[in-house]
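Structure first, then comments.
The values are calculated or read from the model by the stated rules, or taken from the named source; none is laboratory data. Given the structure is predicted, the values throughout are model-derived calculations rather than measurements. Positions of Cβ are generated from backbone atoms using ideal geometry, with glycine treated the same way; all protein chains shown enter the neighbour counts.
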Amino acid sequence: MSNTQIRELLAKLRKEIKKTELDEDTRELVRDLDADIDDLLDPEGNRAETDSVLQKARELETNFATEHPTIERFMREVIDTLVRMGI
């Protein structure tokens, strides 16, 4: 998996989130996760703690499971991709 592929997945996730009614706290959590993942992918960025990033992603995936299954699917794909990349 390349950085390009994970960035494409994140773009799809952002697009789905934009058209979904979510509370502001959840939107903030997603923005934070997105920034953390960007840090992980940037070789010169401040690398966020990998375990912390995966934990945040898994918590969001769980939150989306019942009410937003499409977003949950994208979150799962992001998590799986990060794991396959060794992050």
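Name the one entry in 36, 32, 42 that is out of contact with any Lys or Arg (no Cβ under 8 Å at 6 or more places or on another chain) and of a type in the set (D, E, K, R). Break it down into steps so the answer makes sense when it comes.
On the way: 36 fails: out of contact with any Lys or Arg (no Cβ under 8 Å at 6 or more places or on another chain); 32 fails: out of contact with any Lys or Arg (no Cβ under 8 Å at 6 or more places or on another chain).
Testing whether each residue is out of contact with any Lys or Arg (no Cβ under 8 Å at 6 or more places or on another chain) and of a type in the set (D, E, K, R) leaves just 42.
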Could you tell me how many of the residues in the stretch 30-54 are within 10 Å of the chain's Cα centre (by Cα), among the basic types (Lys, Arg) and surrounded by 14 or more Cβ atoms within 10 Å (Cβ to Cβ)? 0
Candidates 57, 65 - the one that is in contact with a helix residue (DSSP H, G or I) (Cβ under 6 Å, 6 or more places away or on another chain), surrounded by fewer than 18 Cβ atoms within 10 Å (Cβ to Cβ) and aliphatic (A, V, I, L, M): 65
Please return the ranges of helices (runs of 4 or more DSSP H) entirely within the chain where 2 or more residues are touching an Asp or Glu at 6+ places or on another chain (Cβ under 7 Å) and modelled with pLDDT of 90 or more. 50-64, 69-84
Could you list, in sequence order, the residues of the stretch 30-87 that are in contact (Cβ under 8 Å) with a residue 60 or more places away in the chain and farther than 20 Å from residue 18 by Cα? 81, 82, 84, 85
